[in-house]
1. Restricting attention to the range 12-21, which residues are within 20 Å of the chain's Cα centre (by Cα) and more than 16 Å from ligand 2 (Cβ to nearest atom)?
2. Looking at the range 24-47, is at least one residue of a type outside the set (Asp, Glu), surrounded by 18 or more Cβ atoms within 10 Å (Cβ to Cβ), more than 11 Å from ligand 2 (Cβ to nearest atom) and more than 19 Å from the chain's Cα centre (by Cα)?
3. Step by step: first the residues of the range 182-210, then only those that are charged (D, E, K, R) and part of a loop (DSSP other than H, G, I, E, B), then the one that is farthest from residue 220 (Cα to Cα). Which residue is that?
4. Exactly one condition in (1) within 11 Å of residue 214 (Cβ to Cβ); (2) more than 13 Å from ligand 2 (Cβ to nearest atom); (3) crowded, with 19+ Cβ neighbours inside 10 Å is false for residue 62; which is it?
5. Could you list, in sequence order, the residues of the range 18-36 that are among the β-branched types (Val, Ile, Thr) and touching an Asp or Glu at 6+ places or on another chain (Cβ under 6 Å)?
6. Among the listed residues 45, 27, which satisfies the condition of being assigned to a strand (DSSP E or B) and either more than 8 Å from ligand 1 (Cβ to nearest atom) or hydroxyl-bearing (Ser, Thr, Tyr) (or both)?
7. Is there a residue being assigned to a helix (DSSP H, G or I) and without any contact (Cβ under 8 Å) to a residue 60 or more places away in the chain anywhere in the range 150-163?
8. Pairs please, first residue from the range 175-201 and surrounded by 14 or more Cβ atoms within 10 Å (Cβ to Cβ) and modelled with pLDDT under 90, second anywhere and in a helix (DSSP H, G or I) and among the aromatic types (Phe, Trp, Tyr), Cβ atoms under 8 Å, 6+ apart in sequence or on different chains.
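The values are calculated or read from the model by the stated rules, or taken from the named source; none is laboratory data. Because the structure is a prediction, the values reported are computed rather than measured. As a convention, Cβ positions derive from the backbone with ideal geometry for all residues, glycine included, and neighbour counts pool all protein chains shown.
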Amino acid sequence: MDGAILELASLSVRFGGLQAVNNISLTVRPREVFGLLGPNGAGKTTLFNMIAGVVTPTSGVVKYKSEEIGWRSVCWRARAGIARTFQITQPFGAITVLENVIVGAMLKESRMSVIRREAEELLDYVGLSAKRDHLADALSTGQRKRLELARALAIKPDLLLMDEVTGGVDQPSIPGLIDLVASLKERGVTIVLVEHNMKVMAKLCDRMLFMNRGEMMVEGTPDHVLNHPNVARLYLGEDEQC
Ligand SMILES: Nc1ncnc2c1ncn2[C@@H]1O[C@H](COP(=O)(O)OP(=O)(O)OP(=O)(O)O)[C@@H](O)[C@H]1O
Ligand SMILES: [Mg+2]
């Protein structure tokens, strides 16, 4: 579709007997923050995995900047500007915080002096400069989320997939992380955001999709989606986190 950075058309994946994602179609436009919402097991992370190339769809199309990329490798997609952060953080624990970001930056840049400077700037941006020479294993969950963000930004992404930025993070660290996402939005980064915290979603997202059991349930503005009776019913018990 013209003007879309990401387009999913009738995307489905089945794991054995489980239809984890069923017939999802959506479009994300440049500079937009698009939210994915839904109960545990709705298929949000699986959708990210199909966009990033980790999981191969059973059927359907993934288009990035108007090109069908379903057959492209994870590495190609990262080089092309699709970056992600993980629900369960996955830093290289035995190397330093700075080296983790350097590894990300090496995908796009070969001059070591440039890579190092950019990595240091990114650590400053995410508020981790003081930890730069620490082993990544020594970081708290909130700090790991910040490191993931720096590592994802190091590839200079055009599309950033963020899976539960505040998930598992101690309460005092959450506002700072949300501010970081908001500042990325202001910088014009296109983001697909998975987050259980509805207040965060309402604040950050331009549009959102509520999924349940792999299916599209409600799509539209945060106001439309978050006030939809089906969303309230299916999310009952989970919005206590707000
Ligand atoms: N590689 C896999 N093999 C088999 N089943 C899988 C695989 N990945 C995910 N699933 C299943 O697919 C369904 C969707 O999982 P997914 O992780 O995408 O949900 P989610 O919306 O991200 O949930 P949560 O909010 O808990 O993170 C779940 O039932 C999950 O157990
Ligand atoms: Mg998930």
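1. Scanning the range 12-21 gives a single hit, 12.
2. No: zero hits.
3. The residue in question is 187.
4. Of everything listed in (1) within 11 Å of residue 214 (Cβ to Cβ); (2) more than 13 Å from ligand 2 (Cβ to nearest atom); (3) crowded, with 19+ Cβ neighbours inside 10 Å, residue 62 misses just condition (1).
5. Across the range 18-36, the qualifying residues are 27, 33.
6. From the options 45, 27, the qualifying one is 27.
7. For the range 150-163, residues assigned to a helix (DSSP H, G or I) and without any contact (Cβ under 8 Å) to a residue 60 or more places away in the chain: present.
8. Short answer, once both residue conditions are applied: 198/235.
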